[in-house]
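Participant: Got a structure for you, written out below as structure tokens; questions coming shortly.
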Amino acid sequence: MPRFFIAASNIFGGVAYLSAKEIEHLRALRIRHGESFTVCDGAGQDYTCRLTRLNDDGAEAEVVDIAPSAGEPSVFCAVYTAYSKGDKLETVVQKSVELGATELVLFPSARCVSKPETLSVLHKTSRLQKIAEEAAKQSGRGKIPWVTAVHSFENAVLSASKNELPLFLYESEKQQSLKDVLDGSAGVKTVSIMTGPEGGFEPEEAAFAAENGMKSVSVGPRILRCETAPVAALAAVMYHTGNL
């Protein structure tokens, strides 16, 4: 069923009121008077609606059912990913949202090939936010994950380490695997996944992360691309917590 995100303030009195942007979407999908679609308030609540009015002035739909969004995972998971070149970040954002990430945070790292300036960061996060919204619609999410950026590797670590299970994916880690840590983390409710750029993390960065509470883990004997590692780790977390 087609899915639309609108503000909760636009749903009242048993009616959902859709914006001009969503009117274009309704017309593109050829949804007609009396046909049903899903409206989500962005806070995890789904409304099954039936179109009652559609013209150039606006659109209205009768709310016929309300239920919690089935697409929201039971665990909060933030994906921290270093800047990378090309369209790799687009892939990470899209696939992470589909798998259930709650938020995505971009950060610079010593080996980053791409280190955007402030205006470029604003443009990049705005574009990636649109990708997150489209992925949320397509995958049946009940919330649109936020895409943000921090100014330094250190700030990223300090933020990520606040969650119950802060995972630091490090290609040189030999003692502890992702599976080992997940097996010992039953009942965890908040998770961070931090992954590096094309060249991986510097040893000094790994040391700083460990000193500040991050759990260094490996994801197996193979070297994963920077756009593959966060998605693979997120899938493992979702499977471990019963969300996949």
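Participant: Scan region 22-52 for residues that are in contact (Cβ under 8 Å) with a residue 12 or more places away in the chain and either over 30 Å from PHE76 (Cβ atoms) or of a type in the set (Phe, Trp, Tyr) (or both) and report the count.
Facilitator: Count: 15.
Participant: Follow-up. Can you work out which of the residues in region 177-218 that are in a loop (DSSP other than H, G, I, E, B) and among the charged types (D, E, K, R) is surrounded by the fewest Cβ atoms within 10 Å (Cβ to Cβ)?
Facilitator: This residue is LYS189.
Participant: Same structure again: For the list (1) among the polar types (S, T, N, Q); (2) at pLDDT 95 or above; (3) more than 17 Å from GLU227 (Cβ to Cβ), I need the number of the one condition that THR91 fails.
Facilitator: Here THR91 meets the rest and fails (3).
Participant: Looking only at region 153-171, which residues are modelled with pLDDT of 95 or more and either outside the structural domain of CYS226 (by TED's automatic domain parsing) or surrounded by fewer than 18 Cβ atoms within 10 Å (Cβ to Cβ) (or both)?
Facilitator: Answer for region 153-171, where residues must be modelled with pLDDT of 95 or more and either outside the structural domain of CYS226 (by TED's automatic domain parsing) or surrounded by fewer than 18 Cβ atoms within 10 Å (Cβ to Cβ) (or both): GLU154, ASN155, LEU158, SER161, LYS162, GLU164.
Participant: If a residue has to be of a type in the set (Ser, Thr, Tyr) and either part of a helix (DSSP H, G or I) or buried (at least 19 other Cβ atoms within 10 Å of the Cβ) (or both) to count, how many in region 219-244 make the cut?
Facilitator: Total satisfying the criteria: 2.
Participant: Could you run through region 193-228 and say how many residues are of a type in the set (Gly, Ala, Ser) and in contact with an Asp or Glu (Cβ under 9 Å, 6 or more places away or on another chain)?
Facilitator: 5
Participant: Sticking with this structure for a sec: Which residue out of GLU60, GLU35 is out of contact with any Lys or Arg (no Cβ under 6 Å at 6 or more places or on another chain), surrounded by fewer than 18 Cβ atoms within 10 Å (Cβ to Cβ), charged (D, E, K, R) and farther than 20 Å from GLN129 by Cα?
Facilitator: Checking each option against the conditions leaves just GLU35.
Participant: Check region 110-124 and report whether any residue there is crowded, with 19+ Cβ neighbours inside 10 Å, free of Cβ contacts under 8 Å to residues at least 60 places away in the same chain and either in the same structural domain as GLU211 (by TED's automatic domain parsing) or not in a helix (DSSP H, G or I) (or both).
Facilitator: Among the residues of region 110-124, not one is crowded, with 19+ Cβ neighbours inside 10 Å, free of Cβ contacts under 8 Å to residues at least 60 places away in the same chain and either in the same structural domain as GLU211 (by TED's automatic domain parsing) or not in a helix (DSSP H, G or I) (or both), which makes the answer no.
Participant: Another question, if that's okay. Looking at region 1-13, which of its residues are more than 17 Å from ALA43 (Cα to Cα) and exposed (fewer than 12 other Cβ atoms within 10 Å of the Cβ)?
Facilitator: Selection gives MET1, GLY13.
Participant: Has region 128-141 got at least one residue that is under 16 Å from the mean Cα position of the chain (by Cα) and in a loop (DSSP other than H, G, I, E, B)?
Facilitator: yes
Participant: Quick check on my filter: what residues within region 76-100 are within 11 Å of LEU234 (Cα to Cα), in contact with a Lys or Arg (Cβ under 9 Å, 6 or more places away or on another chain) and buried (at least 20 other Cβ atoms within 10 Å of the Cβ)?
Facilitator: Selection gives VAL97, GLY100.
The values are calculated or read from the model by the stated rules, or taken from the named source; none is laboratory data. What you are looking at is a predicted structure, and each value in this text was computed from that prediction instead of being measured. Cβ atoms come from the backbone with ideal geometry, glycine included; neighbour counts cover every protein chain shown.
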